[in-house]
Amino acid sequence: MTQGRDRAQDAARLFDGERLTLARQLAGLRKNQLAEKIDKTPTSITAYESGRKRPAAATVAQLAMALGIDPDFFLPSSGELQAASAPHFRSLRSTTQIARDSARAYGLMVIEIVSSLERHVEFPTLDLPTRSVDLDSWEVDEPQEAARLVRSAWEMTTGPAGHIVRLLENKGIFLAFTSRQISAIDAYSFSSDSRPIILLNPTKDDYYRQRWDVAHELGHLVMHADAEPGSRDAEEQANRFAAEFLLPESEVRSHLPDRADWRHLQVLKEEWGVSIQALLFRARRLGVMTEQAYKTAMTTVSARGWRRQEPGRSVLIEQPSLLPRAVEVLDQVGITDYSLANECRVPIELFRIATARTPNASFPNEVGHKRVTSRLTVVP
C-alpha cells in the first residue's frame with residue numbers, strides 16, 4: 001500500500017498530461033466519462049490533460065485505477081511518441097472519433113514497445129525506399145512506379161510475392177495485431193523517427209485480403225509520410241501501389257481475363273495470393289476488362305455473397321514474428337514479459353496482444369506456434 005502511494009506521489013510530481021490523454025483514449029473514454037468515474041468535472045480532466053493543472057497524488061491513484069494502468073504510466077515518455085506521424089486510416093468517415101483515438105493510442109503504445117525492446121534486441125536494419133507522391137497533381141502511374149521501385153530495391157524475384165509480413169519484417173518494418181476493442185478500424189500504419197509500424201485487424205481472418213491490407217499500408221509508408229491521412233486520393237494511390245506490388249503489370253496482364261471467368265480467377269487467386277475482387281480491380285485498371293464487364297462481375301460477386309467470403313480453399317493468415325520472437329529470445333535469458341511491459345510502462349494485457357503471433361492471443365510464448373526465423377540478436 002505504501003509503495004503504491006509513493007508511486008502515485010512520484011507520478012503526481014512529474015505528471016504528463018499528454019499521457020493521461022493517451023490512457024483515456026486507449027480506454028475508449030470521453031472526458032466526461034472519465035470525470036464521472038473519479039468524481040471530478042470534465043473541466044478538471046481537460047486541465048489535467050492540457051497541463052494547466054496538476055492532479056494530487058490521490059487523484060493520480062484514482063485515474064490509474066479508473067483506466068486500469070499503473071501510476072507510472074503518467075510519467076513523461078521518450079521522444080518517440082511525439083515523433084510519430086498521424087496514422088493512415090482506411091476511411092475517416094466510416095469510423096468514429098473515439099475509435100480513431102483508441103487506435104492511435106494503441107499504435108503509440110506499440111511504438112513504445114518497439115523502442116523499449118530495441119534496447120535489448122538488435123532488429124533488422126530499416127530498408128524502406130520512399131517516393132513522395134503529390135496528392136493534388138499526381139500522375140496516374142506514380143503509385144505503380146513507387147511499387148516497382150520497392151520491388152527492385154528489395155530484389156524481389158518475378159512471380160507471386162511470398163510471405164508479405166515476413167518480407168516487411170526482414171526490412172525492419174514492424175507489424176502487430178490490434179485488440180478487439182478497436183477492431184472496427186481496418187489495418188492502419190504509422191511512421192516514426194525510429195520505425196514504421198503496420199497494425200492489423202484481429203478479426204480479419206482472410207489470408208488474401210490481409211495481404212492486400214499489408215501492401216496497401218506499405219504504400220502509405222512509402223508515398224505518404226507527410227500527407228494528410230484519410231484523403232480519397234491517398235487511399236486510391238495506396239490501392240494502386242498494392243495492385244502493382246502484388247500483381248506486377250508486366251507479369252499478370254497477359255493472364256488476366258477480359259470477362260468473369262470464375263474458374264480461371266480462382267486459379268489466379270491461389271497462385272498470386274490475392275482476392276478475386278483484387279484481380280477484377282486489376283483487370284479493369286489495366287484495361288484488360290471493360291468497365292461494363294467489371295460492373296457485371298462485381299454484381300455477381302455481391303449477389304453470391306462473395307464480398308465478405310469468397311469461394312476457394314482457406315489459408316491461414318500470415319503472422320508477425322519480429323516482436324514475438326524478440327520476447328521469446330529475451331525470456332530465454334531471464335527477462336520476462338512482465339519486466340518488459342513495466343519497462344515501457346504498457347499494461348501487460350496490451351503488451352501481450354501487441355507481441356503475439358496470433359490475433360487476440362494472451363501469451364506470445366504459447367506452445368505450438370511455429371517459429372519463423374527473424375534476423376535479430378540480443379544486445380549485450
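Values in this text are rule-based calculations from the coordinates and carry no lab data. All figures in this text were calculated on a predicted structure; none of them were measured in a lab. Cβ: placed from backbone, ideal geometry, glycine included. Neighbour counts: every protein chain shown.
Sorting the segments 51-64, 346-359 by their mean number of nearby beta carbons within 10 angstrom, highest to lowest, gives 346-359, 51-64. The distance from the alpha carbon centre of segment 177-249 to that of segment 44-68 is 35 Å, rounded to a whole number.
Modelled spin labels at residue 96 and residue 254, positioned 7 Å past Cα toward Cβ, are 5.3 nm from each other. Label-to-label distance for residue 205 and residue 72 is 3.7 nm, based on points extended 7 Å past Cα in the beta-carbon direction. For residue 200, the amide hydrogen comes within under 5 Å of the amide hydrogens of 176, 177, 178, counting only partners 5 or more places away or on other chains and with H modelled in the peptide plane.
Highest-first packing order for the peptide set 169-180, 290-301, 105-116, 200-211 is 105-116, 169-180, 200-211, 290-301, based on the mean count of other beta carbon atoms within 10 Å.
Once backbone amide H atoms are built at 1.01 Å from N, residue 122 has 377, 378, 379 as its partners under 5 Å, excluding neighbours fewer than 5 places away on the same chain. Computed from the C-beta positions of residue 290 and residue 232 and an R0 of 22 Å, the FRET efficiency is 0.40 to the nearest 0.05. Here the Karplus relation 6.51 cos²θ - 1.76 cosθ + 1.60, evaluated at θ = phi - 60°, turns the backbone of segment 26-35 into coupling constants of 4, 7, x, 10, 7, 4, 5, 5, 5, 4 Hz, with x for every Gly and Pro. The alpha carbons of segment 173-274 stretch over 43, 29, 23 Å along the principal axes, in descending order. Apply 1/(1 + (r/R0)^6) to the Cβ-Cβ distance of residue 14 and residue 314, taking R0 = 56 Å, and write down the FRET efficiency to the nearest 0.05. With R0 = 56 Å, the Cβ-Cβ based efficiency is 0.65.
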